[in-house]
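Nothing in this text is a laboratory measurement; each read-out follows from the coordinates by a stated rule. Just so it is clear, the structure is predicted and the values come from calculations on it, not from any experiment. Here Cβ is always computed from backbone atoms with ideal geometry, including for glycine, and neighbour counts include all displayed protein chains.
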Amino acid sequence: MRIVTWNVNSIGARIDRVAAWLEVQRPDVIALQELKCTTQAFPSAPVEALGYRVEALGDGRWNGVALLSKSPMTEVVRHLPQQPPYEGNVEPRAIGATIDGVRVWSVYVPNGRELEHEHFAYKLQWLGCLKQTVAAEAATIPYAVIGDFNIAPTDDDVWDPAVFAGSTHVTPEERATLTALAEVGLREVVPRSLKGQPYTYWDYRQLAFQKGMGMRIDLIMANRAFHERVTDAWIDREERKGKGASDHAPVVVELS
């Protein structure tokens, strides 16, 4: 079973690349983030033509999540239960489903913006709600929360820790939320590095990709039953190349 997470940075702009990638890699399940479209506007036809079912959640702004699956999806949940709002809106940042006996959540964790910004406090609150969701589901079946966490787990996961000093994504408070997920049974599936540093995101500016100025913020957090089935995990860095690429690369995990 092949499961993928990918922040596509606008499914409308990226649908041709996504469909082409799906046709080659043939994952069983793919979690998408940053759709930038409404639920109804998700361009389903190209992926349905490849045999994928679609469950999407979006409001047309800069967030949005989806799950695509070759098998039926059951127990579909949109939004984290009791997910906190931001500026009065419950943003489309989480969607979960059970697929062939595996429970998968696609999440797009708030960015946080700046340390003194209210969005940073919202980010930590949102991650606290994620922990509560995982604890409440208490899954004994293989279970994973995958997506863009907007957190680099360690200093080795950013190209230059000094550049990020005093900014979001690397603070002890954010990293502590990943540790807190271990308290409810989740730990990270760390992908192997295929080439260079195993980053998943590179800014479009300043030739960041070409210069290796990246971050690893797209993560797979999973329970023991999931870990016991993992046979491989890797980052498709090649998909970040070329015209029209997302600024994130797909992260792939394979299960026996």
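Remarks
- Lys, Arg +1 and Asp, Glu -1 on Cβ, resulting dipole of the chain about Cα centre, debye, nearest 20: 500
- Residue-by-residue Karplus 3J(HN,Hα) for region 13-22, coefficients 6.51, -1.76, 1.60, Hz, glycine and proline x: 6, 10, 4, 5, 5, 4, 4, 5, 5, 4
- Rg over Rh for region 1-151 works out to 0.96, using Cα positions for both radii and the Kirkwood form for Rh.
- Net charge in the neighbourhood of TRP105 (other residues with Cβ under 13 Å of its Cβ; Lys, Arg +1, Asp, Glu -1) is 0.
- Residues of region 6-50 with amide N under 15 Å of the 7 Å Cα→Cβ point at TRP234: 24-27
- Each label was represented as a point 7 Å from its Cα along the Cα-to-Cβ direction; for ASP156 and GLN25 these points are 2.3 nm apart.
- Label point distance in nm, ARG2-PHE164, each placed 7 Å from Cα along Cα→Cβ: 2.9
- With both residues required to sit in the chain, DSSP beta bridges show an antiparallel share near 75%.
- At R0 = 35 Å, FRET efficiency that the Cβ-Cβ distance of VAL190 and LEU50 yields, to 0.05: 0.75
- ARG113/SER256 FRET efficiency (R0 45 Å; Cβ-Cβ; nearest 0.05): 0.65
- Segment THR179-ILE141, extension gain: residue separation times 0.36 nm, minus the distance between their alpha carbons: 11.6 nm
- Debye log10 I(q)/I(0) for the chain, one point scatterer per Cα, at q = 0.08, 0.10, 0.13, 0.14 Å⁻¹: -0.27, -0.43, -0.77, -0.91
- Across GLY242, GLY12, GLY185, mean-square fluctuation computed from a Gaussian network of the chain (C-alpha pairs under 10 Å connected) peaks at GLY242.
- Neighbour-count order for ARG237, ARG103, fewest beta carbons within 10 angstrom listed first: ARG237, ARG103
- At q = 0.12, 0.27 Å⁻¹, base-10 log of I(q)/I(0) for region 99-168 (Debye sum, equal scatterers on each alpha carbon): -0.43, -1.22
- Under the Debye formula (equal points on every Cα, no solvent term), log10 I(q)/I(0) of region 125-223 at q = 0.14, 0.22, 0.24 Å⁻¹: -0.56, -1.15, -1.29
- Ellipticity estimate at 222 nm from DSSP helix runs (n ≥ 4, -39,500 (n - 2.57)) divided over the chain, nearest 500: -6500 deg cm²/dmol
- Net charge of the neighbourhood of ILE95, taken over other residues with C-beta under 15 Å away and scored Lys/Arg +1, Asp/Glu -1, is -3.
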